[in-house]
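One structure is given below, encoded as structure tokens.
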Amino acid sequence: MNTSLQLTEMAISHLNQARKWANFLAIFGFITIGLLVIGALIFGTVMSSTLDFDDEFAGLFSSGLLTILYLILAGICFLIYLYLYRFAKGLKIAINSNDSAQLEKGFKNLKSYYKINAIIIIVVIGIYVLAALFGIIAATAL
């Protein structure tokens, strides 16, 4: 098996452009995550001060459950964008210094980025299927 792979100037140019877009998306993602964290903290504070604590549903908000869920979501998103950022960073170093090891690290992070996105999609599809099944069961029980 031939393990030698040659990249043309055009391929390197395309990779460099992809790197720039990946870097932009990662930085924008980090900013969005920061806003999500700030929003989660503000939302939890506002909801706990404005809701009627006697209401059972309001107790979920006042206990900070939504804040915790938003912070967990922010953590998962941070991991996703961190892989994308590491891909862009590794690719930049690889292109600038012609370093195959950095190129390999960059692609390893790109693989992890796609892998975690695929896992999230599978989980969401599973949740949708379960929700549909529970809906069907509830509808037939009526």
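The values are calculated or read from the model by the stated rules, or taken from the named source; none is laboratory data. Note that the structure is predicted; figures quoted are calculated from it, not measured. As a convention, Cβ positions derive from the backbone with ideal geometry for all residues, glycine included, and neighbour counts pool all protein chains shown.
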- request: Select from segment 82-129 the residues that are farther than 27 Å from Ser13 by Cα and of a type in the set (Gly, Ala, Ser) and list them in ascending order.
  value: Ala118, Gly126
task: Tell me which residues, restricted to segment 97-132, are polar (S, T, N, Q) and in contact with a helix residue (DSSP H, G or I) (Cβ under 9 Å, 6 or more places away or on another chain).
output: Ser100, Gln102, Asn109, Ser112, Asn117
- prompt: Looking only at segment 74-100, which residues are at pLDDT below 95 and among the basic types (Lys, Arg)?
  reply: none
query: Ser48 passes all but one of (1) in contact with a Phe, Trp or Tyr (Cβ under 9 Å, 6 or more places away or on another chain); (2) of a type in the set (Ser, Thr, Tyr); (3) modelled with pLDDT of 95 or more; which number fails?
result: (3)
query: Going by the conditions given, is Leu103 of a type in the set (A, V, I, L, M), surrounded by 15 or more Cβ atoms within 10 Å (Cβ to Cβ) and modelled with pLDDT of 90 or more?
result: yes
